[in-house]
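Single-structure report; data block below.
Derivation of every value follows stated rules applied to the coordinates shown; laboratory data play no part. None of these values were measured; they are calculated from a predicted model. Using ideal geometry, Cβ is built from the backbone for each residue, glycine included, and neighbour counts are taken over all protein chains shown.
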Amino acid sequence: MANIRIAVAPPGEQGAIADFLVSAVNKIDRLRSRSATVIERLRERRTALITAAVTREIDVSRPAITEAAE
């Protein structure tokens with residue numbers, strides 16, 4: 001085992017790699033948080049739409065025309 005060679009980047013390069021990884025992890029964490037928020041809002045919206053449809057607050061007998069379809 002004493003004869004195993006391991007390549008090690010210079011300290012400056014190691015620091016740059018570490019900085020890059022910290023930045024990437026922070027970005028991923030922000031995106032995960034935003035995604036969780038969006039998912040929760042979509043679930044709330046879905047629940048509200050189902051409730052409105054069941055209580056006949058909205059007419060679901062025909063599809064709504066969206067602005068994109070016009």
Within a Gaussian network of the chain (alpha carbon springs, distance under 10 Å), most fluctuating of Arg34, Arg46, Arg56: Arg56
C-alpha long axis of helix 11-54 to longest principal axis of the chain, angle in °: 10 degrees
Computed [θ] at 222 nm, deg cm²/dmol, the chain (DSSP H ≥ 4; -39,500 (n - 2.57); rounded to nearest 500): -23500 deg cm²/dmol
Environment charge of Leu49, counting only residues whose C-beta is closer than 14 Å and scoring Lys/Arg +1, Asp/Glu -1: +2
Extension reserve of the Ala2-Ile28 stretch, reckoned as 0.36 nm per residue once the Cα distance is removed: 5.5 nm
Label assignment, Cα extents along the principal axes in Å derived from the structure, set [x] 88, 20, 14; [y] 76, 31, 18; [z] 41, 28, 13: [y]
